[in-house]
Amino acid sequence: MRTAHDVILAPLVTEKLAHLAEHGNVVVFKVHPDANKIEIGNAVEALWKVKVERVRTANFSGKKRRMGRFVGRRADWKKAIVTLAEGHSVPDFSA
């Protein structure tokens, strides 16, 4: 079984996601590609002692990239959009 630190890899910070965090009580994380919604919700609740209302996920496939004549591929990754209960929040990751 994965620990909470194995499930949540990194916070995602963009202007659009900062706006969602301010107005929609939403946080977004890069998560382990094999993690399911239940594991993600439990990991967020365990790490920050908050109540999770909803978890949405999106899978992204890695793009092909060239370096001269060599062709490589970026890794596949998964994004989790976590909606928190009213009155709950996680630390600000923008710094």
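For ILE38, are the conditions met, namely being hydrophobic (A, V, I, L, M, F, W, C) and free of Cβ contacts under 8 Å to residues at least 24 places away in the same chain? Yes.
Take VAL50 and decide whether it is in contact (Cβ under 8 Å) with a residue 40 or more places away in the chain, surrounded by 14 or more Cβ atoms within 10 Å (Cβ to Cβ) and touching a strand residue (DSSP E or B) at 6+ places or on another chain (Cβ under 9 Å).
Against the criterion (in contact (Cβ under 8 Å) with a residue 40 or more places away in the chain, surrounded by 14 or more Cβ atoms within 10 Å (Cβ to Cβ) and touching a strand residue (DSSP E or B) at 6+ places or on another chain (Cβ under 9 Å)), VAL50 qualifies.
What about THR57, is it in contact with a strand residue (DSSP E or B) (Cβ under 9 Å, 6 or more places away or on another chain) and of a type in the set (Ser, Thr, Tyr)? Yes: the conditions hold for THR57.
The residues of region 7-29 that are farther than 16 Å from ALA58 by Cβ and either within 12 Å of the chain's Cα centre (by Cα) or among the polar types (S, T, N, Q) (or both), listed by number, are VAL13, ASN25.
Name the one entry in GLU22, GLU45, GLU53, GLU15 that is touching an Asp or Glu at 6+ places or on another chain (Cβ under 9 Å) and acidic (Asp, Glu). Before you say what the answer is, go through the steps one by one.
Working: GLU22 fails: touching an Asp or Glu at 6+ places or on another chain (Cβ under 9 Å); GLU45 fails: touching an Asp or Glu at 6+ places or on another chain (Cβ under 9 Å); GLU15 fails: touching an Asp or Glu at 6+ places or on another chain (Cβ under 9 Å).
GLU53 is the lone residue from the list that is touching an Asp or Glu at 6+ places or on another chain (Cβ under 9 Å) and acidic (Asp, Glu).
Only the coordinates and a few stated rules stand behind these numbers; no lab work does. All values derive from a computational prediction rather than experimental measurement. Ideal geometry is used to build each Cβ from the backbone, glycine not excepted, and the neighbour counts take in all protein chains shown.
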